[in-house]
Every structure is written in C-alpha cells, then in structure tokens.
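The values are calculated or read from the model by the stated rules, or taken from the named source; none is laboratory data. What you see is a predicted model, and the numbers here were worked out from it, not measured in a lab. Using ideal geometry, Cβ is built from the backbone for each residue, glycine included, and neighbour counts are taken over all protein chains shown. Side chains included, ligands, DNA and RNA excluded: accessible areas come from the protein's heavy atoms. Shrake-Rupley method; radii C 1.70, N 1.55, O 1.52, S 1.80 Å.
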Amino acid sequence: APPASPQQRRALDPRLVYRDPGSGLSMGTDHRSWTPPVDPDDPDDDYVPPPPTPMPSWRADPVWWAILVGLVAGPIVLLTMVLTGHTSPRIYLWLAGLATVAAFVGLVLRLPSTHDEDDDGARV
C-alpha cells in the first residue's frame, strides 16, 4: 500500500504531533497534548503556595462564625420554605432574608480598608 500523506495520518490519529523542523517546536492536534516549555532559569517555576490559614475557633472569632451561619442558613431556609410551599408565618421569611443580608453586610465590612502600596496581587 502506498504511504499515507501527513494529513491522512493526522486524520486517522488525532494525537499525532506536528513538529516544525526549523525551530524544533511541536504542537499537538489535541488540547491535552500541549505542555508549556520549561525554563530552567526561571525561579517562579518552583512556586509552592503557602499552607492555608486554619479557620478561627468559635471563641476566637464568633462574629465570623455568625456571618458564616447567616450566609449558609439564611438562603437554605428561604429556598426550603419557597420550594416546599410551607405555610408558616411571614416573620420566618423576613428573618431568613434579614440574616442573609446582615451576614453579607458583615462580610463586606470585615474586608480590609487599606492595602500595601507594593502589593500587586489579589487577596484570596
């Protein structure tokens, strides 16, 4: 059988890689086949993120835990009452909505108001 052209071979096997003879760079035809080139002189390639800070205890920061409970329990109560058609006093709906809004406001108020001038990254 005559040998297949490169286009025919690529059509039969999409994992085949095209290699440029001039530069030696390669490009896969599949999105999973490409890997970025590694620069051995780049010190940022060895970045290991610091371990996450532990969650505060209830006694150390009760406001944070109240915000967390309000942000989780408020929408769950609202959603449960609306989806089940539970006929309860409207005060429960208002309290759940108020807890959600108050927790969100508390979360926004706890954001730092100042930042370092030389800090150019996001705070996660």
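Points to keep in mind about this one:
- Subtracting the Cα-Cα distance of Met55 and Tyr92 from their residue separation scaled by 0.36 nm leaves 10.3 nm.
- Theoretical FRET efficiency, 1/(1+(r/R0)^6), r = Cβ-Cβ of Val72 and Leu111, R0 25 Å, to 0.05: 0.85
- Sorting Trp94, Trp58, Trp64 by accessible area puts them as Trp94, Trp58, Trp64; the probe is 1.4 Å, largest comes first, and only protein heavy atoms count.
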